[in-house]
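Single-structure report; data block below.
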Ligand SMILES: Nc1ncnc2c1ncn2[C@@H]1O[C@H](COP(=O)(O)OP(=O)(O)O)[C@@H](O)[C@H]1O
Ligand SMILES: [Mg+2]
């Protein structure tokens, strides 16, 4: 007997799916913005060996880049309450995303800053720029432009990885999919749809970030 | 009193004694060219003059701002000493105009409109007023180097250091840069330069400094030095040029 595909459940759950998508995007955008901010801070302290932040950042980066995201999430959600830090699902999910992306961004941005040609730094120095001025006016923008594709990829990877947050009942897209599937028992259709949505989101984020990167590069001609 | 004055200047890279007690006086408006073999310490000397390299002993004084064995107000010194590099080193994310505007804005707090005015003026001085909005990668090497000169001039330095600024250029682009330097010299700019363009050096320099193994081996008026080398090392150096 051939399997009968049935996608008629979609309208009933459209609102729920929309909320799941919004949750997932929220995690990604929030994680991306704060993660990159953390990454810039981390890259600065590692690059200039600002104590004690450089050491702390190094431990943090190594820890988060060498452990599974799911375990990081469990540690935050189930572990921290033992230390008196209680977070509800969405807070734990956000924190895990921010910390995870921050660790990867630190390494990506550091590589970009490190790739600043020595001559640029000497030119800035010879013009009497302080280290801080050199950073903001000479290093940061070219470095971010250079690593933008890598940051974009990381953001997409993290967006896809955020599905793991369903494990602590954060109501993102995968959580919603699991819920729907438990109701309609249409596993294939439900996860096929979910796959398609993730795929669409990934393509969209990639295109959007690519456009932002191209705009930033093109903008120079206008300014 | 000379505008630039160094005394007993010593510099080590590890155990490599690169500058061995340099004494150099440069008067205001003077054009001084430093020549010598590769590795004799020419670049290092220039780089100590605006604090790009620290010094291990001795003093540097530029227009009243002193550096004693590395201690002193580097920011003040650097504002008085402009530098142009062999590799141009323009900021790639900024237009020619913005490259020139940046330091006055950031370091001197000049407002944007004023900085733009300065930039136009400086770009005009190097013959590039048409290229205000061009980006470095849209300019030839010679044009980039002229923008770099304008960028240094925008800080109104007392003295301009030029370290082999035509060495990275294709031969046909060398002259446009030398023309700019010649004009600066005739306008009374104090210049200290390292160059391999010997004919040019003899033409524009008031003083020639021959460096050899970290010392000022011989110095004086270019025509006289070339006519009558005082040391066998300089005589050898001249011979090696042909
Ligand atoms: N950053 C550096 N670290 C170590 N040694 C250096 C450095 N820069 C220059 N030197 C050494 O100092 C000496 C003088 O170099 P330099 O001033 O560049 O000579 P020149 O410009 O006359 O060719 C050389 O022996 C060179 O190897
Ligand atoms: Mg040199």
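The values are calculated or read from the model by the stated rules, or taken from the named source; none is laboratory data. Since the structure is predicted, the reported quantities are computational estimates derived from the model, not experimental observations. Neighbour counts are summed over all protein chains in view; Cβ atoms, including those assigned to glycine, are modelled from backbone coordinates with ideal geometry.
Somewhere in segment B:79-90, is a residue over 20 Å from the mean Cα position of the chain (by Cα), part of a helix (DSSP H, G or I) and closer than 24 Å to residue A:140 by Cα?
Checking segment B:79-90: not a single residue is over 20 Å from the mean Cα position of the chain (by Cα), part of a helix (DSSP H, G or I) and closer than 24 Å to residue A:140 by Cα.
For residue B:103, all conditions in the list (1) surrounded by 24 or more Cβ atoms within 10 Å (Cβ to Cβ); (2) in contact with a helix residue (DSSP H, G or I) (Cβ under 6 Å, 6 or more places away or on another chain) hold save one; what is the number of the exception?
Of the numbered conditions (1) surrounded by 24 or more Cβ atoms within 10 Å (Cβ to Cβ); (2) in contact with a helix residue (DSSP H, G or I) (Cβ under 6 Å, 6 or more places away or on another chain), the odd one out for residue B:103 is (2).
Is there a residue being within 14 Å of chain A (Cβ to nearest Cβ), in a helix (DSSP H, G or I) and under 14 Å from residue B:5 (Cα atoms) anywhere in segment B:60-78?
yes
Going by the structure shown, is residue B:97 within 9 Å of chain A (Cβ to nearest Cβ), in contact with a helix residue (DSSP H, G or I) (Cβ under 9 Å, 6 or more places away or on another chain) and surrounded by 22 or more Cβ atoms within 10 Å (Cβ to Cβ)?
no
The conditions are (1) more than 16 Å from ligand 2 (Cβ to nearest atom); (2) within 29 Å of residue B:154 (Cβ to Cβ); (3) modelled with pLDDT of 95 or more, and residue B:42 fails exactly one of them. Which is it?
It fails just one condition, (1).
What number goes with the only condition from (1) part of a loop (DSSP other than H, G, I, E, B); (2) away from ligand 1 (no atom under 16 Å from the Cβ); (3) away from chain A (no Cβ under 14 Å) that residue B:38 does not pass?
If we test residue B:38 against (1) part of a loop (DSSP other than H, G, I, E, B); (2) away from ligand 1 (no atom under 16 Å from the Cβ); (3) away from chain A (no Cβ under 14 Å), just (2) comes out false.
Among the residues of segment B:57-78, is there at least one that is within 16 Å of ligand 2 (Cβ to nearest atom) and on the phi < 0 side of the Ramachandran plot?
no
Restricting the search to segment B:53-73, which residues are surrounded by fewer than 22 Cβ atoms within 10 Å (Cβ to Cβ) and either at pLDDT 90 or above or within 11 Å of ligand 1 (Cβ to nearest atom) (or both)?
Hits for segment B:53-73 are B:53, B:54, B:56, B:57, B:58, B:59, B:61, B:63, B:64, B:65, B:66.
Kindly provide the set of residues from segment A:213-222 that are within 21 Å of residue A:137 (Cβ to Cβ) and at pLDDT 85 or above, ordered by number.
Listed by number, the residues that qualify are A:213, A:215.
Please work out which one of (1) in a strand (DSSP E or B); (2) more than 16 Å from ligand 2 (Cβ to nearest atom) is the condition residue B:32 fails and give its number.
With (1) in a strand (DSSP E or B); (2) more than 16 Å from ligand 2 (Cβ to nearest atom) applied to residue B:32, the lone miss is (2).
For segment B:124-136, does any single residue satisfy the condition of being within 25 Å of residue B:50 (Cβ to Cβ), out of contact with any helix residue (DSSP H, G or I) (no Cβ under 6 Å at 6 or more places or on another chain), at pLDDT 95 or above and buried (at least 22 other Cβ atoms within 10 Å of the Cβ)?
No, segment B:124-136 contains no residue that is within 25 Å of residue B:50 (Cβ to Cβ), out of contact with any helix residue (DSSP H, G or I) (no Cβ under 6 Å at 6 or more places or on another chain), at pLDDT 95 or above and buried (at least 22 other Cβ atoms within 10 Å of the Cβ).
Kindly indicate whether residue A:134 is within 14 Å of chain B (Cβ to nearest Cβ) and without any contact (Cβ under 8 Å) to a residue 60 or more places away in the chain.
Taking the combined requirement at face value, the residue satisfies it.
Taking the residues in segment B:12-26 that are more than 14 Å from the chain's Cα centre (by Cα) and touching a residue at least 60 places away in the same chain (Cβ under 8 Å) as candidates, determine which candidate is nearest to ligand 2 (Cβ to nearest atom).
Among those that are more than 14 Å from the chain's Cα centre (by Cα) and touching a residue at least 60 places away in the same chain (Cβ under 8 Å), it is B:18.
Restricting to segment B:137-157, name every residue that is within 12 Å of another protein chain (Cβ to nearest Cβ) and more than 21 Å from the chain's Cα centre (by Cα).
B:137, B:138
Is it fair to say residue B:185 is surrounded by 22 or more Cβ atoms within 10 Å (Cβ to Cβ) and touching a strand residue (DSSP E or B) at 6+ places or on another chain (Cβ under 9 Å)?
Against the criterion (surrounded by 22 or more Cβ atoms within 10 Å (Cβ to Cβ) and touching a strand residue (DSSP E or B) at 6+ places or on another chain (Cβ under 9 Å)), residue B:185 does not qualify.
Can you confirm whether residue B:8 is free of Cβ contacts under 8 Å to residues at least 12 places away in the same chain, surrounded by fewer than 16 Cβ atoms within 10 Å (Cβ to Cβ) and farther than 24 Å from residue A:121 by Cα?
no
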